[in-house]
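Colleague: Structure below; questions to follow.
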Number of protein chains: 2
Amino acid sequence: MVLLSGGVDSTTTLACAKRDGCELYALSFAYGQRHAIELQAAERVAQGMGVAKHLKISFDLTEIGGSALTGSLAVPKGRSAADMGHGIPVTYVPARNTIFLSFALAWAEVLGATEIYIGVNALDYSGYPDCREPYIRAFEKMAKQATKAGSEGAEVHLCTPLLHLTKAEIIRLGTELGVDYSLTWSCYDPTNGLACGACDSCQLRRKGFQQAGIADPTRYAGAANL
Amino acid sequence: MVLLSGGVDSTTTLACAKRDGCELYALSFAYGQRHAIELQAAERVAQGMGVAKHLKISFDLTEIGGSALTGSLAVPKGRSAADMGHGIPVTYVPARNTIFLSFALAWAEVLGATEIYIGVNALDYSGYPDCREPYIRAFEKMAKQATKAGSEGAEVHLCTPLLHLTKAEIIRLGTELGVDYSLTWSCYDPTNGLACGACDSCQLRRKGFQQAGIADPTRYAGAANL
């Protein structure tokens, strides 16, 4: 099972699960994110990668709020690399990966799946706490206690093939695995279906492609070039 | 913050949080449960107890399935106490408390709440793995790693005032705290707005009231008397 947002990281992670010989089940979430356009990318990617089933779960995190991605706070633009390297930005969505992984744990138990892939990475990332290894390991321990399957001895492993890779390394790996990045979506704040080019997510993506020496197929709005 | 289903346990737990001097925030879930009527009870209880806010999150676990409460499997009726004491029944919903607590963790972070109350109990219960103390402690440890608040040193505590109480003790405690159990709902498999009297949840409730020596205000369908 793969958590699939339709971005670079989760798409590359799906390709890793395929490389590892897994039967693929993809799980996406409509949670009230301002970039719900990413779900169209997730669908394209899931189809392109031949997943056995792609499940989309819907709920509304705008009622909980606390994030620029689910509320009225503005998405920061044009932050410097130094700024992006410090602290947790306002695009952090409270407990998002915990919510996502909880649904994955439920579906994994029903399917009898023992591997949940998640595209977290702790190098070129946005500083979110629920993308770090201590969190991943703690969730795994909790998961053992949480389910009927766990109480019967089954273990669910969280597979994090990108954890120690830079964005450029991720893009190189995905390219080797045949990922078509033109299907993916990264921008947090799209306008008229175009990526802004300036939010943290766009900047990390663009820098990653540049450093990997691979052309970024994304069409960015206006003159937003690196 | 209190997870509130509208049943005996979560309602008593809400009364405990009130006793403990907390400002009350109640969180309920419409997850496709066949006894969605319990949400009306949750609303009545939240109003009666004077909560500051009652939030209801909706999502559909019927797509994930794996439970008699969210699928077409029949809810077992008239099981003996011996049967109920063994194993995990088909009314188990995969990873349900993990999903519920994940949303609670998100809302707690936004509110700055440090206590999440959950009405799990490990004596007169249905054998669900996510109602046991090792699970609760593991979730707490995971939660520390999961959030921005946690990474800044804040801790979220899971408060389980009912953990070591029998159902009769829970009902006595709630009665002392002034709980109006006529507002609550327990049945997994209601018909025409009446409790069946025979599912595990009804049986545990009825036995609890009987052992507590307190009248159960529930109207049960047909001749379903103990």
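Colleague: Quick one: which residues, 5+ away or cross-chain, put their amide H under 5 Å from the amide H of residue A:159? H built at 1.01 Å from N.
Modeller: Here the answer is A:116, A:117, A:118, since their amide H atoms fall under 5 Å of that of residue A:159.
Colleague: Please list 3J(HN,Hα) in residue order for region A:188-193, calculated via the Karplus relation 6.51 cos²θ - 1.76 cosθ + 1.60 where θ = phi - 60°; whole Hz, with x for glycine and proline.
Modeller: Couplings: 7, 9, x, 10, 6, x Hz.
Colleague: What are the distances, in nm and sorted shortest first, from the label point of residue A:214 to the label points of the same position in each other copy, with each label point placed 7 Å from Cα along the Cα-to-Cβ direction?
Modeller: Copy-to-copy label distances at residue A:214, shortest first: 6.3 nm.
Colleague: Can I ask one more? For residue B:180 and residue B:210, what does the FRET efficiency come to when R0 = 25 Å and r is the distance between their Cβ atoms, rounded to the nearest 0.05? Mind showing how you got there, number by number?
Modeller: On the way: r = 19 Å, r/R0 = 0.76.
Once the sixth-power term is evaluated, E becomes 0.85.
Colleague: Placing a label point 7 Å from Cα toward Cβ, how far apart in nm is residue A:53 from its equivalents in the other copies, listed shortest first to one decimal?
Modeller: Once sorted, the set of distances for residue A:53 reads 3.5 nm.
Colleague: Right, something else. Report relative contact order for region B:2-212 in percent, whole number only (criteria: Cα-Cα under 8 Å, sequence separation at least 6).
Modeller: On the way: 363 pairs, mean separation 55.1, N = 211.
After rounding, I find 26 percent.
Colleague: Hey, can you grab everything whose amide H is under 5 Å from the amide H of residue B:53? Only 5+ residues off in sequence or another chain; H modelled, so Pro and N-termini drop out.
Modeller: B:26
Colleague: Looking at this model, which pairs from A:77/A:207; A:144/B:141; A:56/A:148; A:18/A:53 are more than 20 angstrom apart at the alpha-carbon? Let's see the in-between values first.
Modeller: Values: A:77/A:207 15 Å; A:144/B:141 13 Å; A:56/A:148 24 Å; A:18/A:53 14 Å.
Check vs 20 Å cut-off fails for A:56/A:148.
Colleague: Counting each DSSP H run of 4 or more residues in chain A as -39500 (n - 2.57), what helix-only mean residue ellipticity at 222 nm follows after dividing by all residues, to the nearest 500 deg cm²/dmol?
Modeller: On the way: 8 runs with 85 residues, N = 226.
Using -39500 (n - 2.57) per qualifying helix, the result is -11500 deg cm²/dmol.
Colleague: Still on this model: Can you give the extra length, in nm with one decimal, that the chain gains between residue B:20 and residue B:58 once fully stretched, where that is 0.36 nm per residue apart less the Cα-Cα distance? Can you show the working numbers first?
Modeller: Working: separation 38, 0.36 × 38 = 13.68 nm, distance 2.89 nm.
So the extension gain works out to 10.8 nm.
Colleague: Quick one: Karplus J couplings for region B:127-133, per residue in order, coefficients 6.51, -1.76, 1.60, θ = phi - 60°, nearest Hz, x for Gly and Pro?
Modeller: So the J values, rounded to whole Hz, are x, 5, x, 8, 10, 9, 4.
Read-outs: derived from the displayed coordinates by stated rules, not from any lab. A quick note: this is a predicted structure, and the numbers were derived from the prediction, not measured. Neighbour counts run over all protein chains shown; Cβ positions are idealised from the backbone, glycine included.
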